[in-house]
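**Student:** Dumping the structure here so I can ask a few things about it.
The values are calculated or read from the model by the stated rules, or taken from the named source; none is laboratory data. All figures in this text were calculated on a predicted structure; none of them were measured in a lab. Counting neighbours? That spans all protein chains shown, and the Cβs are built from the backbone with ideal geometry, glycine included. Just so you know, the surface numbers come from the protein's heavy atoms only, side chains and all, with ligands and any DNA or RNA stripped out. Shrake-Rupley method; radii C 1.70, N 1.55, O 1.52, S 1.80 Å.
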Amino acid sequence: MVFTRARSIVIRWTATGLLALSATHAVAKESIVDLPTRPGITQRMLYVEPDAKPRAAAVLIAGGHGSLKFFPNGSMGWGDQGFLVRTRGLFAQRGIAVVVIDAPSDKRSGLGGFRDSAEHAADIGATVKWLREQTGVPVWLIGHSRGTESTVSAALKLGAAPAGPDGLVLASPISSDSAFTSGKAVTHLPLEDIRVPVLVLQHEEDACSVTAPRGLPLVVDRLSGASRKSVVKLGGGKPVGDLCGHQATHGFGGLDQPAVQAIADFVGP
(Lines give C-alpha, C1' and ligand atoms only; values in the text may rest on other atoms or scores of the structure.)
Protein backbone atom coordinates (compact mmCIF):
# COMPACT_ATOMS: atom_id res chain seq x y z
CA MET A 1 0.00 0.00 0.00
CA VAL A 2 1.27 3.44 -0.90
CA PHE A 3 0.76 6.17 1.68
CA THR A 4 0.57 9.74 0.49
CA ARG A 5 1.26 13.09 2.06
CA ALA A 6 -1.75 15.19 2.94
CA ARG A 7 -2.93 17.48 0.17
CA SER A 8 -4.01 20.82 1.62
CA ILE A 9 -6.51 23.13 -0.08
CA VAL A 10 -7.81 26.47 1.18
CA ILE A 11 -11.17 27.72 -0.10
CA ARG A 12 -12.44 31.18 0.83
CA TRP A 13 -16.10 31.80 0.16
CA THR A 14 -17.35 35.34 -0.41
CA ALA A 15 -20.81 36.80 0.03
CA THR A 16 -21.12 36.91 -3.78
CA GLY A 17 -20.37 33.21 -4.01
CA LEU A 18 -22.92 32.48 -1.33
CA LEU A 19 -25.64 34.28 -3.23
CA ALA A 20 -24.75 32.47 -6.43
CA LEU A 21 -25.10 29.08 -4.76
CA SER A 22 -28.05 29.73 -2.48
CA ALA A 23 -29.93 26.67 -3.69
CA THR A 24 -32.84 25.41 -1.64
CA HIS A 25 -31.82 22.50 0.53
CA ALA A 26 -34.53 20.28 -0.87
CA VAL A 27 -34.59 16.67 0.20
CA ALA A 28 -36.33 13.81 -1.58
CA LYS A 29 -37.05 10.19 -0.77
CA GLU A 30 -36.53 10.50 2.96
CA SER A 31 -37.59 7.64 5.20
CA ILE A 32 -37.21 6.63 8.83
CA VAL A 33 -35.63 3.24 9.50
CA ASP A 34 -35.48 1.50 12.87
CA LEU A 35 -32.48 -0.79 12.53
CA PRO A 36 -31.77 -3.63 14.99
CA THR A 37 -28.10 -3.29 15.92
CA ARG A 38 -27.49 -5.27 19.11
CA PRO A 39 -29.68 -7.78 20.98
CA GLY A 40 -32.76 -5.87 22.08
CA ILE A 41 -31.38 -2.55 20.78
CA THR A 42 -32.49 -0.53 17.77
CA GLN A 43 -31.09 2.59 16.18
CA ARG A 44 -33.41 5.01 14.44
CA MET A 45 -32.00 6.73 11.38
CA LEU A 46 -33.11 8.98 8.54
CA TYR A 47 -32.35 7.53 5.10
CA VAL A 48 -32.04 9.98 2.19
CA GLU A 49 -31.82 8.56 -1.35
CA PRO A 50 -30.61 10.33 -4.50
CA ASP A 51 -32.97 10.46 -7.48
CA ALA A 52 -30.70 8.11 -9.46
CA LYS A 53 -28.44 5.21 -8.51
CA PRO A 54 -25.94 6.53 -5.95
CA ARG A 55 -22.24 6.76 -6.69
CA ALA A 56 -21.35 6.52 -2.99
CA ALA A 57 -23.03 6.27 0.39
CA ALA A 58 -22.30 7.74 3.80
CA VAL A 59 -23.26 7.45 7.44
CA LEU A 60 -23.59 10.98 8.85
CA ILE A 61 -22.71 11.26 12.54
CA ALA A 62 -23.74 14.48 14.26
CA GLY A 63 -21.80 16.16 17.03
CA GLY A 64 -22.93 17.40 20.43
CA HIS A 65 -24.75 14.82 22.54
CA GLY A 66 -25.84 13.05 19.34
CA SER A 67 -29.44 12.35 20.40
CA LEU A 68 -31.48 13.77 17.52
CA LYS A 69 -34.72 12.22 18.77
CA PHE A 70 -36.19 11.43 15.36
CA PHE A 71 -39.96 11.16 15.18
CA PRO A 72 -41.63 8.66 12.79
CA ASN A 73 -42.41 11.49 10.35
CA GLY A 74 -38.72 12.42 10.03
CA SER A 75 -38.82 15.54 12.19
CA MET A 76 -36.48 15.68 15.16
CA GLY A 77 -36.36 17.02 18.68
CA TRP A 78 -32.81 18.40 18.52
CA GLY A 79 -30.03 19.20 16.08
CA ASP A 80 -31.94 19.91 12.88
CA GLN A 81 -29.52 22.77 12.13
CA GLY A 82 -26.37 20.75 12.76
CA PHE A 83 -23.94 20.78 9.83
CA LEU A 84 -24.44 17.20 8.64
CA VAL A 85 -28.15 17.13 9.44
CA ARG A 86 -29.11 20.31 7.60
CA THR A 87 -26.99 19.41 4.54
CA ARG A 88 -28.24 15.86 4.05
CA GLY A 89 -30.19 16.87 0.94
CA LEU A 90 -27.10 18.41 -0.61
CA PHE A 91 -25.33 15.06 -0.38
CA ALA A 92 -28.25 13.38 -2.13
CA GLN A 93 -28.18 16.04 -4.85
CA ARG A 94 -24.57 15.02 -5.51
CA GLY A 95 -25.41 11.34 -5.86
CA ILE A 96 -24.51 10.25 -2.34
CA ALA A 97 -27.05 8.19 -0.40
CA VAL A 98 -26.90 9.03 3.30
CA VAL A 99 -28.25 7.93 6.63
CA VAL A 100 -28.30 10.33 9.56
CA ILE A 101 -28.08 8.24 12.70
CA ASP A 102 -29.80 8.93 16.00
CA ALA A 103 -28.66 7.69 19.41
CA PRO A 104 -29.55 3.99 19.94
CA SER A 105 -32.54 2.98 22.05
CA ASP A 106 -30.43 2.42 25.16
CA LYS A 107 -28.79 5.86 24.93
CA ARG A 108 -31.72 8.18 24.26
CA SER A 109 -30.30 10.80 26.61
CA GLY A 110 -27.14 11.13 24.52
CA LEU A 111 -23.81 9.62 23.54
CA GLY A 112 -21.59 11.21 26.18
CA GLY A 113 -18.98 8.65 27.26
CA PHE A 114 -20.37 6.14 24.72
CA ARG A 115 -18.74 7.19 21.46
CA ASP A 116 -15.54 5.19 22.02
CA SER A 117 -17.36 2.03 23.12
CA ALA A 118 -17.55 -1.36 21.41
CA GLU A 119 -21.35 -1.09 21.53
CA HIS A 120 -21.37 2.17 19.59
CA ALA A 121 -19.01 0.65 17.01
CA ALA A 122 -21.38 -2.30 16.68
CA ASP A 123 -24.30 0.06 16.03
CA ILE A 124 -22.32 1.90 13.37
CA GLY A 125 -21.14 -1.38 11.87
CA ALA A 126 -24.73 -2.57 11.53
CA THR A 127 -25.56 0.73 9.83
CA VAL A 128 -22.66 0.37 7.40
CA LYS A 129 -23.79 -3.18 6.56
CA TRP A 130 -27.39 -2.07 5.98
CA LEU A 131 -26.39 0.87 3.81
CA ARG A 132 -23.96 -1.25 1.77
CA GLU A 133 -26.72 -3.79 1.13
CA GLN A 134 -29.17 -1.06 0.13
CA THR A 135 -26.87 0.71 -2.30
CA GLY A 136 -24.11 -1.65 -3.44
CA VAL A 137 -21.58 1.20 -3.39
CA PRO A 138 -18.68 2.22 -1.08
CA VAL A 139 -19.81 3.45 2.33
CA TRP A 140 -18.07 6.29 4.16
CA LEU A 141 -18.28 7.50 7.73
CA ILE A 142 -18.64 11.27 8.00
CA GLY A 143 -18.50 12.86 11.43
CA HIS A 144 -18.68 16.47 12.56
CA SER A 145 -17.21 17.82 15.81
CA ARG A 146 -17.88 15.28 18.58
CA GLY A 147 -19.10 12.95 15.82
CA THR A 148 -15.47 12.63 14.70
CA GLU A 149 -14.78 10.65 17.87
CA SER A 150 -17.48 8.17 16.84
CA THR A 151 -16.13 8.06 13.30
CA VAL A 152 -12.52 7.33 14.23
CA SER A 153 -13.31 4.95 17.07
CA ALA A 154 -15.75 2.90 14.99
CA ALA A 155 -13.36 2.72 12.03
CA LEU A 156 -10.59 1.43 14.28
CA LYS A 157 -12.81 -1.20 15.88
CA LEU A 158 -14.58 -2.37 12.71
CA GLY A 159 -11.50 -2.62 10.50
CA ALA A 160 -11.54 -2.79 6.72
CA ALA A 161 -14.56 -2.98 4.42
CA PRO A 162 -16.98 -4.63 4.15
CA ALA A 163 -17.36 -4.74 7.95
CA GLY A 164 -15.90 -1.26 8.24
CA PRO A 165 -16.11 1.88 6.13
CA ASP A 166 -14.37 2.53 2.82
CA GLY A 167 -13.15 5.90 4.06
CA LEU A 168 -13.61 8.69 6.60
CA VAL A 169 -14.38 12.39 6.63
CA LEU A 170 -13.51 14.33 9.78
CA ALA A 171 -15.22 17.73 9.80
CA SER A 172 -14.08 20.07 12.59
CA PRO A 173 -12.32 17.20 14.40
CA ILE A 174 -11.97 17.30 18.18
CA SER A 175 -8.26 17.89 18.65
CA SER A 176 -8.11 18.78 22.36
CA ASP A 177 -9.93 17.90 25.56
CA SER A 178 -12.00 20.32 27.58
CA ALA A 179 -13.91 20.26 30.83
CA PHE A 180 -16.96 21.28 28.81
CA THR A 181 -17.09 18.15 26.65
CA SER A 182 -17.78 14.50 27.41
CA GLY A 183 -15.59 12.12 25.47
CA LYS A 184 -12.16 11.83 23.92
CA ALA A 185 -10.27 13.98 21.47
CA VAL A 186 -9.48 12.02 18.32
CA THR A 187 -5.81 12.68 19.09
CA HIS A 188 -6.20 10.28 22.03
CA LEU A 189 -7.09 7.48 19.62
CA PRO A 190 -4.54 5.55 17.51
CA LEU A 191 -5.01 7.57 14.33
CA GLU A 192 -1.90 6.03 12.79
CA ASP A 193 -3.73 2.67 12.59
CA ILE A 194 -6.32 3.98 10.13
CA ARG A 195 -5.64 2.58 6.65
CA VAL A 196 -8.53 3.96 4.59
CA PRO A 197 -8.71 7.36 2.82
CA VAL A 198 -9.34 10.32 5.13
CA LEU A 199 -10.48 13.87 4.41
CA VAL A 200 -10.12 16.49 7.14
CA LEU A 201 -12.40 19.49 6.70
CA GLN A 202 -11.79 22.60 8.80
CA HIS A 203 -12.80 26.26 8.88
CA GLU A 204 -9.59 28.25 9.06
CA GLU A 205 -11.17 30.54 11.67
CA ASP A 206 -12.94 27.91 13.76
CA ALA A 207 -13.29 29.63 17.14
CA CYS A 208 -14.43 26.58 19.13
CA SER A 209 -11.70 25.81 21.66
CA VAL A 210 -11.71 22.02 21.18
CA THR A 211 -11.56 22.16 17.37
CA ALA A 212 -9.35 25.22 16.85
CA PRO A 213 -7.15 25.24 13.72
CA ARG A 214 -3.99 25.22 15.84
CA GLY A 215 -4.79 21.60 16.72
CA LEU A 216 -5.20 20.48 13.11
CA PRO A 217 -1.59 19.26 12.67
CA LEU A 218 -2.06 17.06 15.75
CA VAL A 219 -4.73 15.21 13.79
CA VAL A 220 -3.35 15.27 10.26
CA ASP A 221 0.23 14.31 11.11
CA ARG A 222 -1.00 11.27 13.04
CA LEU A 223 -2.90 9.93 10.02
CA SER A 224 0.35 8.43 8.76
CA GLY A 225 -1.19 5.12 7.69
CA ALA A 226 -4.09 6.49 5.65
CA SER A 227 -4.04 5.24 2.06
CA ARG A 228 -4.99 8.73 0.92
CA LYS A 229 -5.50 11.91 2.90
CA SER A 230 -6.39 15.48 2.18
CA VAL A 231 -7.04 18.65 4.15
CA VAL A 232 -9.58 21.24 3.00
CA LYS A 233 -9.72 24.55 4.86
CA LEU A 234 -12.72 26.76 4.26
CA GLY A 235 -12.78 30.50 4.83
CA GLY A 236 -15.47 33.14 4.93
CA GLY A 237 -19.14 32.28 5.19
CA LYS A 238 -21.77 33.92 7.40
CA PRO A 239 -21.14 32.53 10.89
CA VAL A 240 -23.59 33.39 13.67
CA GLY A 241 -24.28 32.28 17.21
CA ASP A 242 -22.27 30.43 19.82
CA LEU A 243 -18.62 29.76 18.97
CA CYS A 244 -19.21 25.99 19.04
CA GLY A 245 -22.72 26.24 17.63
CA HIS A 246 -24.39 24.88 14.51
CA GLN A 247 -24.04 28.05 12.42
CA ALA A 248 -20.68 29.28 13.73
CA THR A 249 -17.41 28.87 11.84
CA HIS A 250 -17.25 25.57 13.76
CA GLY A 251 -20.41 24.44 11.95
CA PHE A 252 -19.47 26.01 8.58
CA GLY A 253 -22.20 28.64 8.85
CA GLY A 254 -23.03 29.98 5.40
CA LEU A 255 -20.74 27.45 3.73
CA ASP A 256 -23.01 24.47 3.18
CA GLN A 257 -22.49 24.25 -0.58
CA PRO A 258 -18.66 24.40 -0.70
CA ALA A 259 -18.34 22.20 2.38
CA VAL A 260 -20.51 19.42 0.92
CA GLN A 261 -18.88 19.82 -2.48
CA ALA A 262 -15.42 19.34 -0.97
CA ILE A 263 -16.62 16.15 0.70
CA ALA A 264 -18.35 14.88 -2.45
CA ASP A 265 -15.23 15.49 -4.54
CA PHE A 266 -13.15 13.38 -2.16
CA VAL A 267 -15.68 10.61 -1.57
CA GLY A 268 -16.61 9.63 -5.08
CA PRO A 269 -15.44 9.70 -8.68
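**Student:** For region 89-137, what are the residues that are charged (D, E, K, R) and under 26 Å from ALA185 (Cβ atoms)?
**Tutor:** If the condition is that a residue be charged (D, E, K, R) and under 26 Å from ALA185 (Cβ atoms), then ASP102, ASP106, LYS107, ARG108, ARG115, ASP116, GLU119, ASP123 are the ones that fit.
**Student:** If you don't mind, there's one more thing I want to ask. Residues to consider are LEU141, LEU156; find the one that is closer than 23 Å to HIS65 by Cβ, touching a Ser or Thr at 6+ places or on another chain (Cβ under 8 Å) and at pLDDT 95 or above.
**Tutor:** Unique residue meeting the criteria: LEU141.
**Student:** On the basis of being at negative phi, at pLDDT 95 or above and in a loop (DSSP other than H, G, I, E, B), does ARG108 make the cut?
**Tutor:** When the stated conditions are applied, ARG108 does not pass them.
**Student:** Continuing with this model, one more query. Can you find a residue that is in a loop (DSSP other than H, G, I, E, B), open to solvent by 40 Å² or more (accessible area, probe 1.4 Å) and farther than 23 Å from ALA97 by Cα anywhere in region 257-269?
**Tutor:** No: region 257-269 contains no residue that is in a loop (DSSP other than H, G, I, E, B), open to solvent by 40 Å² or more (accessible area, probe 1.4 Å) and farther than 23 Å from ALA97 by Cα.
**Student:** Suppose we keep only residues that are among the small types (Gly, Ala, Ser) and surrounded by 22 or more Cβ atoms within 10 Å (Cβ to Cβ) within region 69-91. Which one would you say is nearest to THR211 (Cα to Cα)?
**Tutor:** Result: GLY82.
**Student:** Moving on to the next point. Pairs please, first residue from region 83-105 and in contact (Cβ under 8 Å) with a residue 40 or more places away in the chain and more than 23 Å from GLY136 (Cα to Cα), second anywhere and of a type in the set (A, V, I, L, M, F, W, C) and surrounded by fewer than 21 Cβ atoms within 10 Å (Cβ to Cβ), Cβ atoms under 7 Å, 6+ apart in sequence or on different chains.
**Tutor:** Qualifying pairs under 7 Å: PRO104/ILE41; SER105/ILE41.
**Student:** Considering only residues that are open to solvent by less than 10 Å² (accessible area, probe 1.4 Å) and either over 17 Å from VAL231 (Cα atoms) or touching a Ser or Thr at 6+ places or on another chain (Cβ under 7 Å) (or both), which ones fall in region 243-256?
**Tutor:** Result: ALA248, HIS250, GLY253.
**Student:** From (1) in contact with a His (Cβ under 7 Å, 6 or more places away or on another chain); (2) hydrophobic (A, V, I, L, M, F, W, C); (3) open to solvent by 10 Å² or more (accessible area, probe 1.4 Å), pick out the condition that doesn't hold for LEU234.
**Tutor:** (3)
**Student:** For region 92-101, name all the residues that are among the small types (Gly, Ala, Ser) and open to solvent by 10 Å² or more (accessible area, probe 1.4 Å).
**Tutor:** ALA92, GLY95
**Student:** Restrict the check to region 198-216 and report whether at least one residue is within 16 Å of the chain's Cα centre (by Cα) and among the basic types (Lys, Arg).
**Tutor:** no
**Student:** Determine if region 119-135 includes at least one residue that is open to solvent by 10 Å² or more (accessible area, probe 1.4 Å) and free of Cβ contacts under 8 Å to residues at least 12 places away in the same chain.
**Tutor:** Looking for residues that are open to solvent by 10 Å² or more (accessible area, probe 1.4 Å) and free of Cβ contacts under 8 Å to residues at least 12 places away in the same chain, one finds at least one in region 119-135, hence yes.
**Student:** Can I ask one more? Is there a residue being more than 21 Å from HIS246 (Cβ to Cβ), open to solvent by less than 10 Å² (accessible area, probe 1.4 Å) and either at pLDDT 95 or above or small (Gly, Ala, Ser) (or both) anywhere in region 171-186?
**Tutor:** No, that holds for no residue.
**Student:** Another question, if that's okay. Tell me, which strands (runs of 3 or more DSSP E) wholly within region 1-68 include 1 or more residues that are aromatic (Phe, Trp, Tyr), modelled with pLDDT of 90 or more and surrounded by 15 or more Cβ atoms within 10 Å (Cβ to Cβ)?
**Tutor:** Result: 41-48.
**Student:** Still on this model: Give the number of residues within region 184-207 that are more than 14 Å from GLY237 (Cβ to Cβ) and part of a loop (DSSP other than H, G, I, E, B).
**Tutor:** 8
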